[in-house]
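A.B. asks: Below you'll find the structure I mean.
What follows draws every value from the coordinates through simple rules; no lab data is involved. Just so you know, these numbers come straight off a predicted model, no measurement behind them. Neighbour counts run over all protein chains shown; Cβ positions are idealised from the backbone, glycine included.
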Amino acid sequence: MADPKPTGITANSTLGELLAGAGIDLSNIPTAEKKEKKSGTYVRTQISAQAPTDQAIRQTINKVFKAYYGRDARADELATWAPQLKAKYVGKNGKSKTTIKETYKDGNLVSTEYLTADSLDPGIWLDEQIKANVGKGIVGINKAGIPEGPSGQYFVAIKNLARNNGINLSDSAAADYANKINAGIVDENTVMNTLRESAASAFPQFADKIKAGIDLKTLADPYIQSMSRILEIPDSAIDVFDPKVRGALSYTMPDGKVGTKSIYDFEKELRQDTRWQYTNNAREDVSNSVVKVLKDFGFMG
């Protein structure tokens, strides 16, 4: 079977000869055999009069709300933001306008974005609005006083770090820190380091360790365990805010410098605490003392 004849206009074809005779250069006219797909990545933009559906608008809003609030938008929030987002798809002439951005790679369509009339990503636009509100503290608070969403996680971490390092931090201050971290206004590490610096200033004898990441409560644990054992108090009920523990950590030495009280002196002090006399430790101590006296006077073998 003979090979099929090539299609298209060529310099050797009858039509080609006629066009060449008319002075038309055929060298730049592509043939079917030479046509290739575009290589690399390129973008094609087109305009549509079709606006996104209400469901698509709602999905965009819910995606942003989940990122900042950990939940879908409520009905009242949808009623606030949906009209504003829809308005972004209206052109200057008052008619619906959607910018469709298609991205191709090596001739293949790899992604399609439906942008606003001004070629903006609707999710990015809404993200900026909600982020600004979060930074201002417009965040729900649950019954436990914890902010909703990611702010709540930062809030708990901040409160725990402050408490474990002897810093009294109000809920409002912790929430402000948390919301600003959530909104990207400040970095989480910046906040945590700020709290550690405050603790280091309050307990200069532990400054290097606290700044290095060791919590004051960890450093105080030997005192907490002694207090728990001698006064028979659960160690979970003792923290660095207890006056005795705090006093032992910030003890004025005979030379006037601030240091820590020895565990021996700390335990002696605990046995002078009025709570000690009601413990089993105290009763056992008294019983042992009585037995010793009786033995010393020969009343017991």
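A.B. asks: By the scheme Lys and Arg +1, Asp and Glu -1, what is the net charge of all other residues having a beta-carbon under 10 Å from that of Ile141?
C.D. replies: Residues close to Ile141 contribute a combined charge of -1.
A.B. asks: Turning to a different aspect of this structure: By count of other Cβ within 10 Å, fewest leading, how are Tyr223, Tyr264, Tyr251 ordered?
C.D. replies: So the ranking, lowest neighbour count to highest, is Tyr264, Tyr251, Tyr223.
A.B. asks: Right, another one. To the nearest Å, what is the center-to-center distance of the range 259-274 and the range 89-123, using C-alpha atoms only?
C.D. replies: For the range 259-274 versus the range 89-123, the Cα centre distance is 73 Å.
A.B. asks: Oh, and also: In sequence order, what are the phi-derived ³J(HN,Hα) couplings for the range 158-166 according to the Karplus relation 6.51 cos²θ - 1.76 cosθ + 1.60 with θ = phi - 60°, rounded to whole Hz, with x for glycine and proline?
C.D. replies: 5, 4, 5, 4, 4, 5, 6, 10, x
A.B. asks: To continue, here is another question. Report, by chain and number, residues whose modeled amide H sits under 5 Å from the one on Thr260, excluding near sequence neighbours (fewer than 5 apart, same chain).
C.D. replies: Placed amide hydrogens put Tyr251 under 5 Å from Thr260.
A.B. asks: Here's a follow-up. Percentage of Cα-Cα pair distances in the range 72-132 greater than 14 Å, rounded to whole percent?
C.D. replies: Roughly 64 percent, rounded to a whole number.
A.B. asks: In Å³ and rounded to a whole number, note down the convex hull volume per residue for the Cα atoms of the range 163-267.
C.D. replies: 102 Å³
A.B. asks: Amide H neighbours of Lys97 under 5 Å, counting only residues 5+ apart in sequence or on other chains, H built in-plane at 1.01 Å?
C.D. replies: Placed amide hydrogens put Val90, Gly91 under 5 Å from Lys97.
A.B. asks: Right, another one. Can I get the semi-axes of the range 99-239's equivalent ellipsoid? Compute them from the C-alpha gyration tensor as square roots of 5 times the eigenvalues, in angstrom, largest first.
C.D. replies: After diagonalising the Cα gyration tensor, the semi-axes are 46, 17, 14 Å.
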